[in-house]
Protein chains: 2
Amino acid sequence: MKVIPLGTSSGKPTLKRNVSATAVVREGEWLLFDCGEGTQTQIQRAGLSPNRMTAIFITHLHGDHFNGLPGLLSTMALDRRERSLTLVGPPGIREYLDTLARLKILFVNYPLEVREVDGRSQGGGEGRGEESVAKAREGRLRVVYEAAEYAVYAQPIDHRIFALGYRVEERPRPGRFDLERARALGVPEGPLFGRLQAGNDVELPDGRIAHPSDVLGPGRPGKVVAYCTDTRPCAASIELAREADLLIHEATYTHDLSAEAREFGHSTAGQAAQVAVESGARRLLLTHFSTRFGDVTPLLEEASAIFEETEIANDLVELEV
Amino acid sequence: MKVIPLGTSSGKPTLKRNVSATAVVREGEWLLFDCGEGTQTQIQRAGLSPNRMTAIFITHLHGDHFNGLPGLLSTMALDRRERSLTLVGPPGIREYLDTLARLKILFVNYPLEVREVDGRSQGGGEGRGEESVAKAREGRLRVVYEAAEYAVYAQPIDHRIFALGYRVEERPRPGRFDLERARALGVPEGPLFGRLQAGNDVELPDGRIAHPSDVLGPGRPGKVVAYCTDTRPCAASIELAREADLLIHEATYTHDLSAEAREFGHSTAGQAAQVAVESGARRLLLTHFSTRFGDVTPLLEEASAIFEETEIANDLVELEV
């Protein structure tokens with residue numbers, strides 16, 4: 001996976017940082033997390049195709065996280081999108097979109113499925129595959145979007161209005177196919193390769209049985225990216241970020257402004273780092289900076305002192321996960 | 001006056017042209033015409049202070065002309081604006097803002113006066129001063145905003161939904177004060193200068209009467225800027241642009257796409273030029289280009305052949321009027 005921050009400022013844009021939006025890019029498709037004003041332009045700048053975006057996840061209904069939705073959704077209609085789009089967000093987002101449609105401000109002519117996620121816990125079991133079911137059962141994590149190769153989970157985090165954190169989790173992939181070993185074993189090139197790779201025993205031309213374990217390397221765990229903004233430090237974020245390869249966490253303020261962070265439902269850089277430590281995340285990407293920080297070095301220093309693998313999100317600077 | 005195009009693309013932004021917005025800048029204050037998504041960032045790029053913006057004029061309720069409103073209005077609240085703001089627009093704009101406020105998406109903590117302008121003609125007489133009353137009576141032009149030194153008129157133009165064109169008209173200014181002549185006449189420096197400049201006779205220390213015409217040059221007519229988008233060519237635009245110093249007119253298409261222009265309620269560059277000719281405008285600024293024109297030279301050429309004083313609006317390239 002690849003992560004491209006599209007907007008890293010809190011509240012209002014600056015000339016260097018647009019308001020909240022983050023692209024999580026996989027092969028052939030990508031997901032958008034939050035959609036502040038101007039996101040459609042940032043998408044263009046990043047060289048991403050809106051048509052390959054399969055789902056949008058909104059964290060909460062503060063304008064700097066979704067005011068870009070009407071424009072982006074309408075532009076895809078202008079561009080004759082046909083592919084269906086899923087929009088996941090907090091309760092209220094459907095009424096918002098319905099109102100814009102009724103006022104004829106929003107025009108969508110492609111299939112758009114809106115999923116409102118509330119704070120109630122889910123029984124689990126919506127997950128496809130054992131892994132995701134297990135994960136959903138373990139805590140309050142809730143499967144809100146599923147594709148063949150990954151699932152997206154959500155759960156409420158701790159902002160001053162209802163807000164959702166998200167976790168993108170790739171399903172484990174089978175080990176790499178060892179061509180040399182397959183040939184040595186006498187497996188003929190062709191469909192048997194695919195069946196072995198898919199985890200099936202196959203019968204060879206000479207009657208012997210070849211097993212997947214004969215030709216596949218060790219299974220590869222899927223990558224995990226967690227997205228926690230806007231929020232105070234909370235148990236839900238720790239759960240969302242459990243052993244994540246990358247935790248994207250807001251760091252609106254420095255430690256000296258922790259009273260303000262608490263009051264407005266935000267985190268300091270140090271608190272974000274503490275969430276990374278407690279969740280066992282491998283890397284931390286700080287974002288959602290107060291516009292008072294023209295230079296974000298103090299935020300990086302504060303977090304790095306607690307969690308070394310910390311980086312600063314900058315608009316359009318992509319990270320490989 | 002100074003005009004700064006903030007967005008010159010139609011429908012959706014490109015990397016070179018944002019969606020519709022234009023600043024008309026006077027000394028100490030400025031007016032915003034349309035407010036497409038991303039306008040608040042363009043305002044920053046132009047070096048304009050939102051706090052000095054006194055009024056916003058929206059032409060019509062297509063998203064690319066006003067999706068930037070929630071963000072801009074909210075940012076000014078974040079920035080603790082205190083100055084009152086007037087928002088003029090078509091019917092429906094109040095419901096839109098009220099809905100956003102009810103959904104708690106929009107938060108405005110400064111005085112905001114919303115004026116909806118419908119298609120009915122006005123009796124005239126709202127204008128302050130003889131000029132504006134005369135103008136309002138002359139046709140269907142309607143005074144929608146007034147300040148000491150200028151007035152803004154509106155009237156419906158011909159788009160596929162209800163849309164308003166605007167005309168900013170400075171009041172005529174008295175002639176320049178001739179210091180030499182005043183001194184030769186024996187007018188003592190001080191308050192008498194101001195009274196003469198304001199158009200009053202004054203009594204000199206030696207008992208003589210000095211008249212304004214003794215010390216003032218010829219009266220200077222106010223400048224006029226007209227803003228006509230989105231629209232087919234129409235009589236209303238000609239009236240709005242009557243003898244304007246600058247007509248800003250949409251030119252979404254070239255002549256070969258005139259069927260499309262007609263169908264979607266737009267103008268070709270040639271039609272915009274014809275409006276300039278018929279209105280007696282001095283200069284024409286083309287804007288609102290279809291994104292199919294990566295190079296807008298064909299639009300400039302088409303219009304210039306009909307009206308020589310034609311220019312292309314480019315984002316953030318300002319014009320002195």
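The values are calculated or read from the model by the stated rules, or taken from the named source; none is laboratory data. In this text, all values refer to a predicted model and were calculated from it rather than measured experimentally. We place every Cβ from the backbone using ideal geometry, glycine too, and count neighbours over all the protein chains shown. SASA here: full protein model, heavy atoms, side chains in, ligands and nucleic acids out. Shrake-Rupley method; radii C 1.70, N 1.55, O 1.52, S 1.80 Å.
So, counting K/R as plus one and D/E as minus one, what does the shell of residues with Cβ under 13 Å around B:Cys35 add up to? Provide the component values of the computation, followed by the final result.
Details: positive: none; negative: A:Glu37, B:Asp34, B:Glu37, B:Asp64.
The answer is -4.
Every other copy gets compared here: list the nm distances from the A:Ser49 label point (7 Å along Cα to Cβ) to its counterparts, shortest first, one decimal.
4.7
Considering only the other residues whose Cβ falls under 12 Å of the Cβ of A:Arg282, what net charge follows from Lys and Arg at +1 and Asp and Glu at -1?
Numbers: positive: A:Lys223, A:Arg242, A:Arg283; negative: A:Glu243, A:Asp245, A:Glu308, A:Glu309, A:Glu311.
After counting each charged neighbour, the total is -2.
Which entries in the list A:Lys16/B:Lys104; A:Lys2/A:Lys223; B:Lys12/B:Lys223; A:Lys104/B:Lys12; A:Lys16/B:Lys16 go over 21 Å, if you measure between the two C-alpha atoms of each? Working shown, then result.
Values: A:Lys16/B:Lys104 27 Å; A:Lys2/A:Lys223 10 Å; B:Lys12/B:Lys223 32 Å; A:Lys104/B:Lys12 17 Å; A:Lys16/B:Lys16 17 Å.
With Cα atoms farther than 21 Å apart: A:Lys16/B:Lys104; B:Lys12/B:Lys223.
Could you look at the protein assembly as shown and say what percent of its accessible area is carbon and sulfur, using a 1.4 Å probe and all protein chains?
48
From the phi of every residue in the stretch B:198-206, what ³J(HN,Hα) in whole Hz does the Karplus formula 6.51 cos²θ - 1.76 cosθ + 1.60 yield, where θ is phi - 60° and glycine or proline is x?
Using θ = phi - 60°, the values come out as 7, x, 9, 6, 9, 8, 7, x, 8 Hz.
Each residue of the stretch A:7-17 in order: what ³J(HN,Hα) in whole Hz does its phi give by Karplus 6.51 cos²θ - 1.76 cosθ + 1.60, θ = phi - 60°, with x for Gly and Pro?
x, 10, 9, 9, x, 9, x, 10, 6, 9, 10
Ordering B:His60, B:His211, A:His255, A:His62 by accessible area with a probe of 1.4 Å, largest first, what comes out?
So the residues, ranked largest to smallest area, are A:His255, B:His211, A:His62, B:His60.
Which ³J(HN,Hα) values, rounded to whole Hz and listed in residue order, are derived for the stretch A:165-171 from phi using the Karplus coefficients 6.51, -1.76 and 1.60 in 6.51 cos²θ - 1.76 cosθ + 1.60 with θ = phi - 60°, glycine and proline given as x?
Karplus values, whole Hz, x for Gly and Pro: x, 10, 9, 9, 10, 6, 6.
What total accessible area, in Å², is buried where chains A and B meet, using a 1.4 Å probe and rounding to the nearest 100?
Counting protein atoms only, the buried area is about 2500 Å².
Is it possible to state the helix-based mean residue ellipticity at 222 nm for the protein assembly as shown, with each DSSP H run of 4+ residues giving -39500 (n - 2.57), the sum divided by total residues, to the nearest 500 deg cm²/dmol? What is it? It would help to have the intermediate numbers written out before the result.
Details: 22 runs with 171 residues, N = 642.
For the protein assembly as shown, the value works out to -7000 deg cm²/dmol.
Using the charge dipole of the protein assembly as shown (Lys, Arg: +1 at Cβ; Asp, Glu: -1 at Cβ; taken about the Cα centre), state which of B:Ile93, A:Thr8, B:Asn18 has its Cα farthest towards the positive end.
Result: B:Ile93, furthest along the dipole toward the positive end.
Please compute, for peptide B:57-64, the average count of beta-carbon atoms on other protein chains lying within 10 Å of each residue's beta-carbon. Spell out each step's value before the answer.
Values: counts 0, 0, 0, 0, 3, 4, 10, 5.
Mean shielding count: 3.
Write down the percent of antiparallel bridges among all DSSP beta bridges whose residues are both part of the protein assembly as shown, to the nearest 5.
In the protein assembly as shown, approximately 55 percent of DSSP beta bridges are antiparallel ones.
Which chymotrypsin sites (Phe, Trp or Tyr not before Pro) in the stretch A:22-112 pass both tests, a DSSP loop state and at most 15 other beta-carbon atoms within 10 Å?
Qualifying residues, ordered by number: A:Phe107.
Please name the residues of the stretch B:94-116 whose accessible area, counted over protein heavy atoms with a 1.4 angstrom probe, falls by no less than 30 Å² between the chain alone and the full protein assembly.
Checking the loss per residue gives B:Glu95, B:Tyr96, B:Thr99, B:Leu103, B:Ile105.
What GluC sites (Glu not before Pro) in the stretch B:230-321 are in a loop by DSSP, with at most 16 other Cβ atoms within 10 Å of the Cβ? Present the calculation step by step, with values, prior to reporting the outcome.
Working: sites: B:Glu239, B:Glu243, B:Glu250, B:Glu260, B:Glu263, B:Glu278, B:Glu301, B:Glu302, B:Glu308, B:Glu309, B:Glu311, B:Glu318, B:Glu320; in loops: B:Glu243, B:Glu308, B:Glu309, B:Glu318.
Passing both the DSSP loop test and the Cβ count: B:Glu243, B:Glu308, B:Glu309, B:Glu318.
Jot down the per residue volume, in cubic angstrom and as a whole number, of the convex hull over the alpha-carbon atoms of the protein assembly as shown.
194
Quick one: net charge of A:Asp201's neighbours, Cβ under 13 Å, K/R +1, D/E -1?
It works out to a net charge of 0.
Provide a list, ordered by number, of residues in the stretch B:37-51 showing at least 10 Å² less accessible area with every protein chain present than when their chain is taken on its own, using a 1.4 Å probe.
Residues of the stretch B:37-51 that lose at least 10 Å² of accessible area once the other chains are added: B:Glu37, B:Gly38, B:Gln40, B:Thr41, B:Gln44, B:Arg45.
Nothing charged except the Cβ atoms of Lys and Arg (+1) and of Asp and Glu (-1): what's the magnitude of the dipole of chain A about its Cα centre? Round to the nearest 20 debye.
700
Given a 1.4 angstrom probe, what's the average accessible area per residue across chain B, in square angstrom? Before the final figure, lay out the partial values.
Numbers: 13450 Å² over 321 residues.
Solvent-accessible surface per residue comes out at 42 Å².
Magnitude of the Cβ-charge dipole of the protein assembly as shown, K/R +1 and D/E -1, about the Cα centre, nearest 20 debye?
Here the protein assembly as shown has a charge dipole of around 740 debye.
What trypsin sites (Lys or Arg not before Pro) in the stretch A:1-110 are in a loop by DSSP, with at most 10 other Cβ atoms within 10 Å of the Cβ?
Those that pass, being in a loop and sparsely packed, are A:Arg80.
Suppose you put the label 7 Å out from Cα in the Cβ direction; list, shortest first and in nm with one decimal, how far B:Ala235 is from each other copy's label.
7.3
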